[in-house]
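Before any comments, here is the structure.
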Amino acid sequence: MKPKNQRLVLVSAAMVAALAAVLLAMWGLRDRAAYFYTPADIAAGKAGQGQAIRLGGMVQKGSIARQGDGLTIRFSVTDGRATTPVAYRGIVPDLFREGSGVVAEGRVANGTFVADTILAKHDERYMPPELGNLAAEHKAGKTLQR
Amino acid sequence: MIAETGLAALWLAAGLAALQFVLMVSALRNGIDFGRPMRAIAIVQGVLTLIAFAMLLWVFARTDLSVALVFENSHSAKPMIYKIAGTWGNHEGSMLLWVTVLAVAGAVFAIVSRRTSERTLLAALGAQAALALGFYAFLLVASNPFARLNPPAFEGRGLNPLLQDPGLAFHPPTLYLGYVGLSVAFSLAFGALLTGEVDSRLARAMRPWALGAWILLTLGITAGSYWAYYELGWGGWWFWDPVENASLMPWLAATALLHSINVLAARGALKAWTMMLAVIAFSMSMVGTFLVRSGVLTSVHAFAIDPERGTFLLALLGIYVGAAFTLFAVRGASLKEGAPFELVSRETGLVINNLLLSVILGIVFLGTLYPLFVEAVSGEKLSVGAPYFNSVAGPLALLLAVLVGVGPLLAWRRERRPVFKLLTVPVLLGATALLVTFILAPGISILPRLGLTVAAYLAAASILPLIGRNPLRTPLATWGMVLAHCGIAVALAGVAANAAFTSERLAVAKPGETLGVGPWLVQFEGVTPMAGKNWTAIQGELQATRGSGAVTLKPQTRYFSDPPTETNEAAIETFWNGQLYTVVGKPDGTGGWQLRLWWKPFVTLIWLGGALVALGGALALVGRWWRLRRRRREPSWRERYA
């Protein structure tokens, strides 16, 4: 191959690779990205049945109930405007408490959010950015009460 | 005074970096030889940053609570090792480590590099100074680690307990050395594009840096994966968390760079291509730093949430990447392509390797940044996780693993021998593995099944380059390549076996109850309270039996008070054919405890494979260095009798 042609082939190969990466990524992202919703979004019917989503909000006070098998818990997540009932089977992460922030991965089935994963909140200071505003409001409320 | 000394050292280093950059510009413009002063400045800069970092270590070791950073992130009751490791367990400290590594890399480069022409070397030193200058500014303006607290606090706030682990002492510094080692490859590419001297000498000068950085990245990623595996207590080894992707992206780019450097060094071909990869590799390091340090992404690792810093880092990223790409656009076209090659040749194999790695890199990059993009455009929030990355990048990674077996067999320039015949045995092995998985485990999904197939094939194919050669005369670099490729097969086998054969058991057990998981019977003996230096814990005791052997596992749930946090300390028992992984959860209120048990066959191969890949890289590095030394010491007979 002549050097000039060789470069042409290489440049076009790089272009094709870049294009392939973009197309593959777009194809994959179209139906494999999980949207983040709050209970108000779910009440508004934004999440389709069985679609993998993330739910975020505060664990409603007095809502955590442990089921008979000792592993399944039910609780409600609220954003102040609406609440969504959640069911989860597994070991809840550290610092999962009533009145604190939570992000759950799963899907809506018959009005209940069935969680596959409850995202860990590792310490008092860390808050998923999605919950940033909610947490700030919550904190402000708390300060006023005090 | 300690903190002020550190701060002064940083300011001085920043001033020297500016001077070094100005000297570079003037040296290239007016042709003055500033080699000596620039080398000296680079070395002094390295020493100054080391002093600054030592000062920060010192205030952390003393728990000097008049320093804001120590107050925010340390506590007097912490064990000494975590006081020291805590120095880089926070935003400011880790950025100081970043800058220190950057400056020290520049100093070492100034001392050892003699392979390029003096002009290119000066240009590269100038580029390195410009990089350092930006990050000094970031530290001094937006992330001062030495800021004082007035009045001093009585007690610190403590370090995130997840980070109170030996893994932390080792993992971030290793990754940073890797990230920042790539800065020298970037500076060399920048310098060579400026002077137009892109040749095999440049490739040989760049290779040890790219290889060294790549080894450390490999080690850092492997160690980080194991840390997440045992510390988070979720039983997974890779979560496609943006922070993990931040370390994977530079690794992918560095892997591609490493292979294309070899083409440039051996054949003088792929010039523009290699320069592009060198720019991309360090750009990915900066993207990674931006993602981790700006807190823009939802992430379990997102420790820093501060928009001002994010904007600063983004601006730095834009300036450096923009400058490099502009220079590339201006100069890239004028680079003469080197020796030609034919379609079936080692060069083509390496080009395909580069293309596949770049596509995978693009997929990871787009998937990681897509949530940011969507949120900026529509305000909607979303996350991209394993379903996307595994199904889109996974098949490409498998294809790449297949080709890894072929590439090293091809000759440079053109291959006319029937080399594909050599692959008969590996292909047969792969087919056998496929058949065996269909018979023994008909129910597993397609990717793990193909993974096991390709792993069996590659394990055999990777050692083919050694066949028919005298093992003692085979260069160490070839051994390194074989080992690294074999390590990929080993890691792939671990990944696939773990995905295909893991058994999991989640249950509530009362003391005395027995649960089965995989081939194991696990008896729950009960829990006991425990206390450590800065934590209390509930410790479960489990007796696991398989056939005649019995082991005791003691998983814990730890409670830390500063800051108030719980962590799961999984108890993991390693056997030759897998790991038994146990976690104790919460009480159910009626005397039972939640237990989560996993039997993970051959999961350890994942990290063993990673270690082999790094070891292969190290062999290649040592081999090339040793060869070079011998060549320098013993003049050839031609020189001797000339």
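The values are calculated or read from the model by the stated rules, or taken from the named source; none is laboratory data. Just so you know, these numbers come straight off a predicted model, no measurement behind them. Note that we place each Cβ from the backbone using ideal geometry, even for glycine, and neighbour counts take in every protein chain shown.
What to note about this one:
- So B:ILE360, is it at negative phi, among the aliphatic types (A, V, I, L, M) and more than 21 Å from the chain's Cα centre (by Cα): no
- First in the range A:80-101 and within 11 Å of another protein chain (Cβ to nearest Cβ) and modelled with pLDDT of 85 or more, second anywhere and surrounded by fewer than 16 Cβ atoms within 10 Å (Cβ to Cβ) and assigned to a loop (DSSP other than H, G, I, E, B), Cβ under 9 Å, 6 or more apart: A:ARG89/A:GLN67; A:ARG89/A:ASP69
- Test result for A:GLY70, at the interface with chain B (Cβ under 9 Å from one of its Cβ atoms), free of Cβ contacts under 8 Å to residues at least 12 places away in the same chain and in a loop (DSSP other than H, G, I, E, B): yes
- Of the numbered criteria (1) crowded, with 19+ Cβ neighbours inside 10 Å; (2) over 19 Å from the mean Cα position of the chain (by Cα); (3) over 27 Å from B:ALA192 (Cα atoms); (4) not hydrophobic (A, V, I, L, M, F, W, C), the one B:GLY349 fails is (3).
- Flag for A:ILE53 being within 13 Å of chain B (Cβ to nearest Cβ), surrounded by 18 or more Cβ atoms within 10 Å (Cβ to Cβ), farther than 27 Å from B:THR557 by Cα and in contact with a Gly (Cβ under 8 Å, 6 or more places away or on another chain): yes
- Within the set B:GLY480, B:GLY487, B:GLY494, the sole residue that is within 26 Å of the chain's Cα centre (by Cα) and closer than 24 Å to B:SER391 by Cβ turns out to be B:GLY494.
- Within the range A:13-43, the set of residues being facing chain B (nearest Cβ under 7 Å), within 13 Å of B:PRO387 (Cβ to Cβ) and in a helix (DSSP H, G or I) comprises A:GLY28, A:LEU29, A:ARG32.
- Annotation: A:LEU10 fulfils all but one of (1) under 30 Å from B:GLY585 (Cα atoms); (2) crowded, with 17+ Cβ neighbours inside 10 Å; (3) not polar (S, T, N, Q); the unmet one is (1).
- Among the residues of the range B:507-554, those identified as over 37 Å from the mean Cα position of the chain (by Cα), assigned to a loop (DSSP other than H, G, I, E, B) and surrounded by 14 or more Cβ atoms within 10 Å (Cβ to Cβ) are B:PRO511, B:GLU513.
- Qualifying residue in the range B:44-52 (condition: small (Gly, Ala, Ser), surrounded by 17 or more Cβ atoms within 10 Å (Cβ to Cβ), in contact (Cβ under 8 Å) with a residue 40 or more places away in the chain and more than 30 Å from B:ARG119 (Cα to Cα)): yes
- Output for the range B:370-393, where each listed residue is more than 9 Å from chain A (Cβ to nearest Cβ) and modelled with pLDDT of 90 or more: B:ASN390
- From the list B:VAL108, B:VAL184, B:VAL104, the one residue that fits, being without any contact (Cβ under 8 Å) to a residue 60 or more places away in the chain and farther than 24 Å from B:SER294 by Cβ, is B:VAL104.
- Only one of the listed residues (B:PHE420, B:PHE389) is assigned to a helix (DSSP H, G or I) and either surrounded by fewer than 16 Cβ atoms within 10 Å (Cβ to Cβ) or on the phi > 0 side of the Ramachandran plot (or both). That residue is B:PHE420.
- Within the range B:140-147, one or more residues are among the hydrophobic types (A, V, I, L, M, F, W, C) and buried (at least 24 other Cβ atoms within 10 Å of the Cβ).
- Top-ranked residue of the range B:560-573 - restricted to ones that are in contact with a strand residue (DSSP E or B) (Cβ under 9 Å, 6 or more places away or on another chain) and at pLDDT below 85, ranked as farthest from the other protein chains (Cβ to nearest Cβ): B:SER561
- In the range B:333-352, the condition of being of a type in the set (Asp, Glu), assigned to a helix (DSSP H, G or I) and within 30 Å of A:LEU55 (Cβ to Cβ) is met by no residue.
- Residues of the range B:293-332 that are part of a helix (DSSP H, G or I), modelled with pLDDT under 80 and within 24 Å of the chain's Cα centre (by Cα): B:ARG293, B:SER294, B:ARG309, B:GLY310.
- Every pair of residues 6+ apart whose Cβ atoms lie under 9 Å, when the first sits in the range B:533-551 and is free of Cβ contacts under 8 Å to residues at least 12 places away in the same chain and on the phi < 0 side of the Ramachandran plot while the second is loosely packed, with under 15 Cβ neighbours inside 10 Å and not hydrophobic (A, V, I, L, M, F, W, C): B:ALA550/B:GLN543
- In the range B:602-637, the residues that are assigned to a loop (DSSP other than H, G, I, E, B), modelled with pLDDT of 85 or more and at negative phi: B:VAL603, B:THR604
- In this entry, A:GLU105 passes the filter for residues that are at pLDDT 80 or above and either within 11 Å of another protein chain (Cβ to nearest Cβ) or out of contact with any helix residue (DSSP H, G or I) (no Cβ under 8 Å at 6 or more places or on another chain) (or both).
- Residue in the range B:201-220 that is at pLDDT below 90 and buried (at least 24 other Cβ atoms within 10 Å of the Cβ) present: no
- Between B:ALA496, B:ALA509, B:ALA491, the distinction of being under 30 Å from B:VAL584 (Cα atoms) and either within 14 Å of chain A (Cβ to nearest Cβ) or at pLDDT below 90 (or both) belongs to B:ALA509 only.
- Looking only at the range B:580-627, residues that are of a type in the set (Lys, Arg) and within 11 Å of another protein chain (Cβ to nearest Cβ) come to 2 in all.
- Meets criteria (farther than 27 Å from B:GLY430 by Cα and either under 27 Å from the mean Cα position of the chain (by Cα) or part of a loop (DSSP other than H, G, I, E, B) (or both)) for B:LEU472: yes
- Residues of the range B:336-363 satisfying the condition of being more than 9 Å from chain A (Cβ to nearest Cβ) and under 22 Å from B:VAL495 (Cβ atoms): B:ASN353, B:LEU357
- For beta carbons closer than 7 Å, sequence separation of 6+ or different chains, a first residue in the range B:356-373 that is under 17 Å from B:MET286 (Cβ atoms) and a second that is of a type in the set (Phe, Trp, Tyr), the qualifying pairs are B:VAL364/B:PHE389.
- Within the range B:165-210, the set of residues being within 30 Å of B:ASN568 (Cα to Cα) and either touching a strand residue (DSSP E or B) at 6+ places or on another chain (Cβ under 9 Å) or not in a helix (DSSP H, G or I) (or both) comprises just one member, B:ASP165.
- Flag for B:GLY430 being crowded, with 22+ Cβ neighbours inside 10 Å and part of a helix (DSSP H, G or I): yes
- Matching entry among A:GLN60, A:GLN51, A:GLN145 (being closer than 30 Å to B:ALA507 by Cα and modelled with pLDDT under 85): A:GLN51
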